[in-house]
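See structure below.
Every number in this text was worked out from the coordinates using simple rules, so none of it is lab data. All of these numbers come straight from a predicted model, not from anything done at the bench. FYI the Cβ positions are ideal-geometry reconstructions off the backbone, even for glycines, and counts take in every protein chain you see.
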């Protein structure tokens, strides 16, 4: 009865299908796992950059409107507002990894998180202050942004 074909599958055919399905499942898992991992890392990096930019913008806006810079240095800048009253201090908190804004009579509030370093220094004129903010290191290089702020309402 050579002409009659068997209707079932052999163990070899099942084994081949099982191996092919295992390879496909492994490839799908690999691309999904690593793709999601890289996406999360990139999202965290973007968030760190956003926080650095936010801190730099908030400090620049307030310093630009100040009457004078009282003190500037590594991790701190103190300004005297245009209208007499309380001094405003921006400083780096190592415990919180953040730049905090503190005014007399007000609690300290964070203007930027995930910060690795903050430096404020005079930029050649009493009206100019150079701000440098670096984000915490992540996967790649830490975000580092720098700007020079001009005090519009400078009054010594």
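Observations, loosely collected:
- Residue exposure proxy: 59, 21, 145, ordered by other Cβ atoms within 10 angstrom of their Cβ from fewest to most, comes out as 21, 145, 59.
- 0 to 90° range, to nearest 10: angle between helix 11-64 axis and the chain longest Cα axis: 10 degrees
- Calculated on the Cα set of the stretch 93-156, radius of gyration then Dmax: 14.0, 44 Å.
- The residues 155, 144, when put in order of fewest to most other Cβ atoms within 10 Å, stand as 155, 144.
- Taken along its principal axes, the alpha carbon cloud of the chain reaches lengths of 111, 32, 21 Å, longest axis first.
- This ranking places 119, 77, 69 by how few other beta-carbon atoms lie within 10 Å of each, fewest first, which gives 119, 69, 77.
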